[in-house]
Each structure stands twice: as structure tokens, then as C-alpha cells.
Amino acid sequence: MIPKKALILGIISLLTFSLSACTSDNKTALPSSEVYQYSDTGKTDFYAYDIGENKAEDSEVFENEATVTSSREKKIVTSAAMILIVKSCDETEGKIRELVERTGGYTETSEFNRHTYKEREYETGNMVLRVPAEQYKTAIAELKTFGSVSSFSEGTTDRTVQFYDIQRRCELKVAEEAALVAMTEKAANVKELIDIEARLSEVRAEIESYNAQMNEINDLASYSTIELTINEEADVTIRPVSGNLLSKIGNGFKTSVNGIVWFLESSVVFLVMISVPLMLLAVIVSIGVLIYKKANKKESGKQENTKARKKTKKTKCVTETERKTQ
């Protein structure tokens, strides 16, 4: 079994060599860091170098990187938005597609819709065009000749420093990946091997993420984006009265009559539909009224009997009083 001290020295030497190889093209001094450290318990601790751990050092490196990247390929992202008023959307769409193909670009999205307003049809469309950055100005100039420009805006974003900063971070992760792969062959036990493999998976995921970010910036810088809205001109010409005016009047009269007939038919159908529930409701109400009258009659009879009894009793009392008086 390899002594721990020898193993640590070997790992540090390998990592130092990898970092120096990755940063030699940048000509930027990167801070050295101990990425792996073995403890006496046999466990493996991972300390991945993080650009943001030391803000002052990171800022200095970032500025140096900006200076170095000034001599590299610029990553300028250009975009524009334009609204065109045209006579025919179909004809203009054909011209735009021919222009995009001729300049080596492509149409990212395209959507056209036809509308009707006061018996007049018109079309609108939205297109997102991607053209090579070197053909951007040519494409914009030619697009403006296809119609009347109602609105136009454009902007650029310099993502050069961001791109090369991501690239540098990716190189550090690639160096870490190489060191981890070498460590898998020298793991002392299964636990160390599992820990190394877990960290290796994390590093590879970060490398994929960095590559995806760089590819996105490259795509945006290589192909400028043009968001185009196309509207047809409004038809403001006065049209002559059509020869079928009497036919339209007749059709309008027929439509009115048909509407009245439909209303009457619907009313009759509605009355028939509710007749059965109405009849049932009438029977229930009639029964309720009869029961109420009967109950009220009984109550009235009781009240009359009570009054008669009171009257008879009062008469008897008066008679007895008179007898006593005599």
C-alpha cells in the first residue's frame, strides 16, 4: 500500500501540473489551491477551487482576463425589432425568406393570421430571423425596402469577458476531472472510491453546464436576431355600390322574418315544456287551498260554539241574580 504522504505529494504535483497547463494559454496567474486532502481517518475531503471565494483576488483575475481577452475574438450579441407596413403579407414573406436564405441565415419562428374587419380582410405576421452577424447590416437595410418602417430598435451586448470567464472556469473543472480520474486508480478502499466517483459526477455536470453556456453565447454572437412584425396596409378606398343591393335587402328581410318565426316557435315549445309542471303546481295549490279552507271552517265552528256557551252561561247567571233579588 502506498504511504499517505507519498500519495498526497503525488496528487498535489499532478494537480499543479494540470492547472499550469490549463492556464498557460491565458497568461494569467491563477491562485494555487489544494483540491484534495486525506485525513488520518482514511476519509476523503474535497475542496474545489471557487473563483468567488476570494473577492479581491477574483476581481483582479477578472480584470486581467478582460485585458487578455481584448486580443481574442469578440462575443458581441446583436438584436433588433422592426414593424413593417406592407401591401401584401404573402409577397413580403416570400421576399424575407429569400433574403434569409441568401444571407446564410434561417427563420426561427413564423406565424401569420388573417383577420376580417367591416367586410375587409387583412393579414398580420410575426417572424424571428437569425442571420449571420456579418450579414446583419445588409439584412436590415434590405428589410427596410420591403415596406414602410413603423418602428425600429436595435441593441448590442458585449459578452466577451463573460464567455472567457466561463471558459476559464471550465478549464479548471477539466483539470479537476483529470485529477479525480487518476485518484480512482489509487483509492485505498471502496468508501474512498465511492466518494471520488460522486465528486467526479458533480464535476462532469458542471463541465456540461459551462459548455452549454459557451455554446449559447457563441450562437447568439454568430447569428444576430431580428424580431419582425408585418402588418398589411388598411384598405381606405371607397368601394362602389355593388349590383346586388336588392338581393341584400331581400336577404335582410328574409332574415328578419325567419327570426320572428324562430322566436314564435321557441315560445310555443317553451310553453309546452312548462305546461306539465304548471299543471302539477296548480293541483298542489288547489289541494292546499281546500285543506286550508277546511281547517279554517273547523276553527270558525269551534269559536262559534265557545261564544254560544259563554252566552248561555251568562244568561243563567243573570236569571239566578234576578231570582235572588225577588
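Some points to look at:
- Test: residue in segment 223-231 that is in contact with a helix residue (DSSP H, G or I) (Cβ under 6 Å, 6 or more places away or on another chain), at negative phi and modelled with pLDDT of 90 or more: yes
- Residue within segment 184-196 that is out of contact with any helix residue (DSSP H, G or I) (no Cβ under 7 Å at 6 or more places or on another chain), surrounded by 10 or more Cβ atoms within 10 Å (Cβ to Cβ), farther than 30 Å from residue 80 by Cα and modelled with pLDDT under 90 present: yes
- Given (1) more than 29 Å from residue 77 (Cα to Cα); (2) in contact with a helix residue (DSSP H, G or I) (Cβ under 9 Å, 6 or more places away or on another chain); (3) β-branched (Val, Ile, Thr), index of the condition residue 160 fails: (1)
- A Cβ distance below 8 Å, combined with a sequence gap of six or more or placement on separate chains, defines the contacts here; from segment 225-240, residues that are buried (at least 17 other Cβ atoms within 10 Å of the Cβ) reach residues that are modelled with pLDDT of 80 or more and in a loop (DSSP other than H, G, I, E, B) in the pairs 230/147; 232/87; 232/88.
- Residues of segment 182-194 that turn out to be part of a helix (DSSP H, G or I) and either in contact with an Asp or Glu (Cβ under 9 Å, 6 or more places away or on another chain) or without any contact (Cβ under 8 Å) to a residue 12 or more places away in the chain (or both), as a count: 5
The values are calculated or read from the model by the stated rules, or taken from the named source; none is laboratory data. Here the structure is a predicted model, which is why all the values come from computation and not from measurement. As a convention, Cβ positions derive from the backbone with ideal geometry for all residues, glycine included, and neighbour counts pool all protein chains shown.
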